[in-house]
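Beneath this line is the structure, given in structure tokens, with notes to follow.
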Amino acid sequence: MSDPSRSEPVPETRAGRFDTLCVHAGQSPEPVTGAITTPIFQTSTYVQDGIGRHRGYEYARLQNPTREASEANIAALEGGRHGIAFSSGLAAIECLAKAVAAGGHIVSEENTYGGTTRMFTRILSRLGIEVTLADTRDPGAVEAAIRPETRLIHLETPSNPLMRIADIRAISEIARRRGILLCVDSTFASPGNQRPLSLGADVVMHSTTKYLSGHSDLLGGILVVNDDALADELHFVRKSTGPLPGPMDSWLTLRGTRTLHLRMECHNRNGVRIAEFLESHPAARAVHYPGLASHPGHELARRQMTGFAGMLSAEFSQADAKRLVERTRLFRLAESLGGVESMISIPSVMTHASVPEEARLRMGITNGLVRFSVGIEDGRDLVEDLEQALRNNE
Ligand SMILES: *Cc1c(COP(=O)(O)O)cnc(C)c1O
């Protein structure tokens, strides 16, 4: 096991270092009262001073100060200029596809979040967008899948649930050479551990439902970009189609990101601990965690990540897997991830049930694969919980 603290520190910006940006970026005291937290502007519209005279706020599908504060906060955490928030992670991906790939072609990692692959293969096809799924661990496979009409490469690294690692920098060079946009779904890493824009990506995407909001209490998504024209186009598609987060969810996201740095340190620590525990347990046949030296993407992960988060999966016999997820007490049997509380699931029948069985098994998403979202509880309690659940299995 390597020491994650040996990785490169997150770069500093003039507005502050990462921890400071979590707490302050995008927020300043409210001008009327001085309220230290950004208020929840729960309004659909804004009264105008006269015809054609308003204060920059017209209608909530266009502008909302609470949403804008959360967008500016997350953009700063990713080292990007523009954050554009959505009602869910999938809505963010759909907006990007509509903005840049209409009538064209997308190359996507084959082992993404199940809903992403479902949208790519069953919904975008209705809009005339074709998708090729590739094993993006091999940059050559990405290059081979590119066509003249390819507009977008979509990576998910680490991937769900196999924790595959794609080389963001190498693939960004291919994308730049071929004039194609590169988007990285960085949900499993969070900006605390990975900053795709600094590695050459054009767009970083998050399901803010997960680590960014961090408390399992909302759905949301965001795209962060540097290019002004691309940001304008994404804003145009979003305001013309309407997949926006409400003010309350924007505020909860902002509340979550203010402690992102603290939560991720704990997720990183507990993730390593659970991965090492499982690797030494006889019931686990394989453990997929990029922080383990045994992971085939470990060296690459150490180059492009500063920590490895709390997401991992492990292979058990089908009977052991079923008993395990039904016997843990702290690890709750649930879809979703990235919350303060630990969760456990069986992707083949839960998050990835919509992926055709043949493709699932070829990639290694067997019926015995168990996914863990390791929370921020005391790591000793989490190990004891898994120990007792696995002991019952014997
Ligand atoms: C959850 C998730 C999504 C989809 O996000 P929603 O907020 O559920 O729409 C996309 N990518 C990854 C990696 C996810 O974990």
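Considering only C-alpha atoms, what is the centroid distance from the range 275-345 to the range 30-66, in Å?
With the range 275-345 and the range 30-66 each reduced to a Cα centre, they are spaced 44 Å.
Mind putting a number on the dipole of the range 18-257 about its Cα centre? Charges go on the C-beta only, +1 for Lys and Arg and -1 for Asp and Glu, and I need it in Debye to the nearest 20.
300
Within the set of other residues whose C-beta is less than 9 Å from the C-beta of Met343, count the net charge using Lys and Arg as +1 and Asp and Glu as -1.
Once positives and negatives cancel, what remains is 0.
If you fit an axis through the alpha-carbon atoms of helix 65-77 and take the longest principal axis of the Cα set of the chain, what angle between them do you get, 0 to 90°, nearest 10?
50
Just want the answer: with Cβ charges of +1 for Lys and Arg and -1 for Asp and Glu, which residue in Gln63, His298, Pro31 is farthest toward the dipole's positive end in the chain?
Gln63
Rank by packing, highest mean first: peptides 329-342, 236-249, 352-365, with packing defined as the count of other Cβ atoms within 10 Å averaged across residues. Write out the running numbers ahead of the final one.
Details: 329-342: 18.6, 236-249: 16.9, 352-365: 15.4.
Averaged packing, sorted descending, gives the order 329-342, 236-249, 352-365.
If you count, for each residue, the other Cβ atoms within 10 Å and average over each peptide, how do 207-218, 120-131 line up from highest to lowest?
In decreasing order of mean packing, 207-218, 120-131 become 207-218, 120-131.
Count the net charge of all other residues whose Cβ sits under 10 Å from the Cβ of Cys95, scoring Lys and Arg as +1 and Asp and Glu as -1. All intermediate terms of the calculation are to be shown ahead of the outcome.
Details: positive: Lys98, Arg238; negative: Glu94, Glu233.
Here the count lands on 0.
Can you tell me the orientation of helix 228-241 relative to the chain, as the angle in degrees between its alpha-carbon axis and the longest Cα principal axis, to the nearest 10?
It works out to around 90 degrees.
Using a 1.4 Å probe on the protein heavy atoms only, what accessible surface does Asp378 show? Give it in Å² to the nearest 10.
It works out to around 70 Å².
With +1 on the Cβ of every Lys and Arg and -1 on the Cβ of every Asp and Glu, and nothing else charged, how large is the dipole of the range 181-284 about its Cα centre, in debye rounded to the nearest 20?
Result for the range 181-284 is approximately 400 debye, rounded to the nearest 20.
Using only helices, what value at 222 nm comes out for the chain when you add -39,500 (n - 2.57) per DSSP H run of length 4 or more and divide by the total residues, to the nearest 500 deg cm²/dmol? Could you put the intermediate results ahead of the total?
Values: 13 runs with 137 residues, N = 394.
It comes out at -10500 deg cm²/dmol, rounded to the nearest 500.
Quick one: angle between helix 318-327 and the longest Cα principal axis of the chain, in degrees between 0 and 90, rounded to 10, please.
With both axes taken from Cα atoms, the answer is about 60 degrees.
Can you give the accessible area per residue of the chain, in Å², using a 1.4 Å probe?
Details: 16620 Å² over 394 residues.
Averaged over the residues of the chain, the accessible area is 42 Å².
Determine ³J(HN,Hα), in whole Hz, for all residues of the range 121-131 in sequence, where each value follows from phi through the Karplus function 6.51 cos²θ - 1.76 cosθ + 1.60 and θ = phi - 60°; x replaces Gly and Pro.
Karplus values, whole Hz, x for Gly and Pro: 8, 10, 10, 5, 4, 5, 9, x, 9, 9, 10.
Run the accessible area of the chain with a 1.4 Å probe and give the carbon-and-sulfur part as a rounded percent.
Numbers: 8360 of 16620 Å².
Roughly 50 percent, rounded to a whole number.
Of Ile84, Ile174, Gly114, which is farthest along the charge dipole of the range 82-211 in the positive direction, counting Lys and Arg as +1 and Asp and Glu as -1 at C-beta?
It is Ile84, whose Cα lies furthest towards the positive end.
Return the percentage of antiparallel bridges among DSSP beta bridges fully within the chain, rounded to the nearest 5 %. Mind dumping the intermediate values first?
Values: 24 of 43 bridges.
The antiparallel proportion sits near 55 percent.
Tell me, what is the 1.4 Å probe accessible area of Ser198, in Å² to the nearest 10?
70
Report, to two decimal places, the Cα Rg of the chain normalised by 2.2 N^0.38 Å (N = number of residues).
Ratio of Rg to 2.2 N^0.38 Å for the chain: 0.98.
The values are calculated or read from the model by the stated rules, or taken from the named source; none is laboratory data. These numbers were taken from a predicted model, which means no experiment stands behind them. Cβ: placed from backbone, ideal geometry, glycine included. Neighbour counts: every protein chain shown. Quick note on the areas: whole protein, heavy atoms, side chains included, nothing else; ligands and nucleic acids left out. Shrake-Rupley method; radii C 1.70, N 1.55, O 1.52, S 1.80 Å.
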